[in-house]
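Comments concern the structure below.
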Amino acid sequence: MLYLLPFLTSLSENLQRVNIRISKYMKTPNAKQIHDVRTSIRRLDATYLILSKKNRTASSLSDYVLKCKEFFKVNSEIRDLDVIYEKLQKYPSNAQRIRVIEGVKASRDATLERAKTMGRSLNSTDTTRIIDKIGVTEKELQKRYYKMISRLISRIESTFPAVLTNQAKLEELHDLRISCKKLRYLLELLPEDKNNVLKTRKALQKLQDILGTLHDYDFTIEYLSSWGTIIN
């Protein structure tokens, strides 16, 4: 059996990383900072998921992670709007596209203000004290960890055929992408000297990138359709 890296150390590092990246984000909420803060929250969530239920319920950590996930969701909206804006810039300008671009900008500005409010709230949290009351044993961690790994692998194996045979299954495509991300971040909690683990993480990263590109196109099509817009 492969053993996890020191868990509480990883959890503490992930908490600190989220806090640092939110601070940078608040100063300059550009594409890089949005990417970095979303990635740090994904890693924190992956670590949090292998805690026992008693440590994931009604605690300062659970409250903080929930707020982080809400912050993540809002920044995902901003990121998607940035993707649409970038794609629209590649087409010749006309009145219709200018109207859509202005709508994208307005939506982004409003969503960013919501995100900043959330970011200020998260920044006021003392993350150094959050894990003080966590009580967990190595046995509990190992059991929960491999349970999560098995669950994600099963989900990926069951979803992949449906996505390959029907490109219209957007919900399944989204679920597959999320499962790949969670599995990759969980595997980061294992020692890096395990070749099979590294190979799997790299394969998941490549698959993630492909699924992410598909998501960008699907979201753009859906957004433009809501405007009744066709790009020629």
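Worth a mention:
- Here, the chain yields an orientationally averaged convex hull projection of 14.3 nm² when only Cα atoms define the hull.
- R0 of 25 Å, Cβ-Cβ distance Glu222-Glu102: FRET efficiency to nearest 0.05: 0.85
- Measuring against 30 Å, Cα to Cα, the residue pairs Lys147/Lys169; Lys90/Lys199; Lys73/Lys202 contain Lys90/Lys199 as the ones spanning a longer distance.
- Sites Lys139 and Ala162 - FRET efficiency at Förster radius 45 Å, r taken between beta-carbons, to 0.05: 0.80
- In nm, spacing of pseudo-spin labels at Ile20 and Lys147 (7 Å Cα→C-beta vector): 3.3 nm
- Sequence-distant contacts, meaning Cα pairs under 8 Å at least 6 residues apart, place the relative contact order of the chain at 27 percent.
- Using alpha-carbon coordinates, inclination of helix 95-123 to the longest axis of the chain, degrees: 30 degrees
- Principal-axis tilt of helix 60-88 within the chain, Cα atoms, nearest 10 degrees: 30 degrees
- Convex hull of Cα atoms in the range 87-140, direction-averaged projection (nm²): 7.5 nm²
- C-alpha long axis of helix 138-165 to longest principal axis of the chain, angle in °: 30 degrees
- Helix-derived mean residue ellipticity, 222 nm - over the chain, DSSP H n ≥ 4, -39500 (n - 2.57), to 500: -27000 deg cm²/dmol
Bear in mind that the values in this text are calculations on the coordinates, not laboratory data. Only a predicted model underlies this, so the values are computations on that prediction, with no experimental measurement involved. Note: ideal-geometry Cβ built from the backbone for every residue, glycine included; neighbour counts use all protein chains shown.
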